[in-house]
Structures are given as C-alpha cells and as structure tokens.
Amino acid sequence: MNRPFQTLTLAAALAALIPTACSAQSPSTPIAPPPAATPAAPLVTGLPDFTGLVQKVGPAVVSVTAEVGMRRNAREQDPDMENVPEIFRRFFGPDMPFPGGPQQRRGVSQGTGFFISQDGYLLTNHHVVEGADTVKVRLNDRREFTAKVIGSDQPSDVALLKVDAKDLPYLRVANAANTKPGQWVVAIGSPFGLDHSVTAGIVSAVGRTTSAEQQYVPFIQTDVAINQGNSGGPLLNTSGEVVGINSQIFSRSGGYMGVSFAIPIDVAMNSAEQLRATGRVARGQLGVQVQALTANGAKALGLPNAAGALVGEVVPGSAAAKAGIERMDVIRSVNGKPVHTSSDLPPLIGGLAPGAKVKLGVVRDGREREFTVVLGALDAALAANDDGAAPAAPGTPARGSNALGFTAQDLDPAQRQRLGLDKDEGVVVAWVTGDGAAEAGLNPGDVVLGVGRQSVGSVAALERALGSVKAGDTVMLLVRSRGGTRYVPVTADKG
C-alpha cells in the first residue's frame, strides 16, 4: 500500500537534487535568443473578405461545355486509352469506368473559362476542348453562346476561344512575376457542374514542373480547392487580376487533396497571342538534354553548390552546338534569370521565339563563361528526354571490375546499330560489383558513353580514362539507359 507513495517521494527527492546540481555548473550561451519582452508586431492581420472581388469579376467567368463526337468505348478498342479525351484521363486515370461493351457514345467535357476581351475572346484549358465538335459557354446571367476554337496548344494546356458578342465583361491579367508563395488567391469555376463556385487559399510555391509533357510550364502550386469542372477557370489575386489558369490537381483519389496547379498567366497569354495570330505556338529550342545536378555531381565538378542544369547531350547541328555549348557544361542563367535546377531551363527557353538571341551563363571546368545562342525552332522529337532506346544486352564480362565498381564489355556492331551509336561509341555495363556503382544506380545493360568530357568506345579506353581515379574520388559518367542519356556521379569505393 505504501509503494506508490514511496515512489512519489523518491521522485520528489530526485527533483529537489537536480536544480542544485544544475546550479553548480558554469553558465553557458543559450542555444537561441530569449523571448522578446514585448510581442513583435503581427505580420498578418485579419482575414480577407472576397465578397467585393467576386461580385466584380464573377460575370467574366463562364461555364464551358465541350461535346466530343461519337466515339466507341475507348477501353475496348484502345487499351492504352490514347484516344480518350485528356480531361477524362486527367481526372479518372486508366481505370475510369465505361459501362457495357463496344458502343457508340457521345462524350461531354465540362470546364470553366473566362473572357479576356470585350469582343468575346476567352481562355480555357486545352484538355477541356480537346477533340470537341461543339463548344458552348454559359455566362452567369444564363446567356449561352457557341464558341469557336481559335487554337489549342497541348504543351501549355491553353485554348483560345471566341464568341460572337460585344461589350462582354472581361478580366485583367496580372504581372505573373509578382506572384509569390504565401499570397492569397481565389478560384472561380464550375466544379461538378456547380457554376460560379468560389474557393480561396494561398500560393504554395511557384515554378513547379508536373510532367515531361508540360515541361514548358512553370506551374503555380496552391492549396485552393480545385475539382472536376474547375479546369480552365481563373486564379485571381486580391486585386481581381488573373495570375493563372487552373489546370491540374495532384490526387490519389481523383478529388481535391490540397495540391492544385495553375498555368502562369504570362505563359497562357503568350500562347493565346500566337494562337490568335497563327493558330499554333512556336517555341525556341537550344538542342540540349539536361538533368538536375546533385550534390555528389557538384562535388565531382568542383562546384560549391548544385545550382544549374547539367548538359548531358548536345544535339549535333543545334543552336547550342553552333554556339559552343558542350557536354558537362552547367547552365546557371538565361538572359540574367537564374537557373536553379534543370526544370527551370525549358520554360525560360520555350517562352522565347525561334531566332531569338539568348545569353547563357555557363560554368565549365569551374570557370564562369557567357555564350550567345540564336535559338532554333522546337522539334518535338528532339525535345523528348527519352530516346526510346533499350539498354544493351551484356554478354560474358571480358574484364574484371574497375575502380568505380562495375565490369564493362565492348559493344558489337549489331548492338551499336540498334542503339543508334557510332562505330567507336560506348561500352556496356556487364555487372555491378561495387557499392559506388550500385549506389549511383548503374545497372547491367546501361551504356557508358563517356567519362567526364572524354568519350569512350572500348573497355580499354574506359580503363585509360579511369586510370588516375583514387578511392573516394567522384567521377561523372555519361550513361545511356531506358531513362535517356544523363550524367551519373559515381564515387570510387574506399576499399
């Protein structure tokens, strides 16, 4: 019966001793400054009231209904769903239900749009009107118009429409460069067909990349609630100006999960102006394949940090090749705008017209240099990062493991032809034997094209290039695999 009391008594005795022991120690510097004597002035006060904003800009927002012509059940006739309108693929994924067997069906895509001029030009998403035979827009005063698709651009996911009307309400566009994380933003749209629904949140981040298909769009990420039907609607700042077009959500359920993406309005307007003038969007092209620079890669290149886009391959005859850009260059800026990572480069280049002169800030062999490049026109085939070539099939390794922890084998003429390689280009990874190569992600069948800037076309050439590598050194290998051609930093095992 006395044990609980005794335990408490012992704890009390220990507690009494602890302050005495602490007080005997010499004073030390606090790990952080003490709290201020008076509270700091609040950086955020109150919550915004969007009533006036919605009343003013709401009439310029419209509901968009796109009727897609008669189609057979896409799952029956096209297992990979390539012919399914983008809006369905985007929100429902590959397991979207199609009741019944093969049959004729008419698809209806619903989204949002907004007027950008008094004479009837409006913007929405490409995936809202993709493949549509008829597009109708409905204003909040219940007027309906049939809209003409002036042009539509898949890489930016922007479509420009036109209705035959005058004196229409329209929205003003903001300077997208002023959009910053933490700012309040508002979305107006038609989620699930519920016209002119208003949601609000903050900008979570800017300059996001969501997929290779839309690498030319530096998306605005928000936590604004966006659902099916919001696509193509405006994202507005607190002045009622458009900062973006709502386009995508990140979701594992098909519904809103707190992460939404909008196309910056400057990107959208660039596409819209070109669509009105020519019906298509032209983009500049450097002619390089780039990758993100890792901390280990920066160490191998002797750089203080991993900022920039690492050039893995230069297309022969391209704008970059003519200007003198080389493999293993690190592009740090475009016309003075910083390139923090590889995903920053495509929007900066793609937003410029073919023929434009561009100044590239480049680091080569630890030295900063500047190159002037006259951009070419984007070629979709060259823009793809994946060259589609499968890894080579290794045979029996001819030699032992090298300093980086893998064995290599020469390629035969048939393998080189299949991979599109020149006669003396590349060796195949036959076996991964060391921790350095394994941790770097090398796999049997990968093709090593070069060590740093030095090309290798045989196992003997590879061994010569690695001859001076010591334990702990990090070496940049140019590797071709299923994911394309890229530089891989590999650290030599320490024994």
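Taking 19 Å as the cut-off, the amide N atoms of the stretch 121-145 that come nearer than this to a point 7 Å along the Cα-to-beta-carbon line of Lys166 belong to 121-122, 144-145.
Under the criterion of Cα pairs below 8 Å and six or more residues apart, the relative contact order for the stretch 406-491 equals 27 percent.
Give the separation of the Cα centroids, the stretch 199-225 to the stretch 259-327, in Å. What the calculation gives is 18 Å, centre to centre.
At full extension, Arg280 and Lys322 could sit 12.4 nm farther apart than now, given 0.36 nm per residue minus the alpha carbon distance. For a modelled paramagnetic label at Lys56, 7 Å from Cα along Cα-to-Cβ, the residues of the stretch 231-245 in reach, with backbone nitrogen under 12 Å, are 237-242.
At full extension, Glu273 and Ala377 could sit 35.7 nm farther apart than now, given 0.36 nm per residue minus the alpha carbon distance.
For the stretch 102-230, averaging the sequence separation of C-alpha pairs within contact (under 8 Å, six or more residues apart) and dividing by the residue count gives a relative contact order of 23 percent. Beyond 14 Å, the tail of the calculated P(r) for the stretch 406-491 holds 60 percent of the Cα pairs.
Taking the average, over residues, of other Cβ atoms within 10 Å as the packing measure, peptides 109-118, 415-424, 455-464, 54-63 rank 109-118, 54-63, 455-464, 415-424 from highest down. The slack between Ala295 and Asn443, meaning 0.36 nm per residue of separation minus the straight C-alpha distance, is 51.2 nm. Beyond 18 Å in Cα-Cα separation lie the following of the pairs Lys470/Lys494; Lys322/Lys423; Lys337/Lys357: Lys322/Lys423.
Here Lys162 is the anchor, and the lysines within straight C-alpha reach of less than 28 Å, apart from those fewer than 8 places off in the same chain, are Lys56, Lys136, Lys148.
Taking the square roots of 5 times each eigenvalue of the Cα gyration tensor of the stretch 176-278, largest first, gives ellipsoid semi-axes of 20, 15, 15 Å. When the charge dipole of the stretch 176-278 is built from unit charges on Cβ atoms (+1 for Lys and Arg, -1 for Asp and Glu) and taken about the Cα centre, the candidate among Met257, Gly233, Val267 whose Cα reaches farthest toward its positive end is Met257.
Rounded to the nearest 20 debye, the dipole magnitude of the stretch 176-278 is 180 debye, with +1 charges on Lys and Arg beta carbons, -1 on Asp and Glu beta carbons, and the Cα centre as origin.
Taken together, the values in this text are just the output of simple stated rules run on the coordinates, not laboratory data. All of these numbers come straight from a predicted model, not from anything done at the bench. For neighbour counting, all protein chains shown are included, and Cβ atoms are generated from backbone atoms with ideal geometry for every residue, glycine included.
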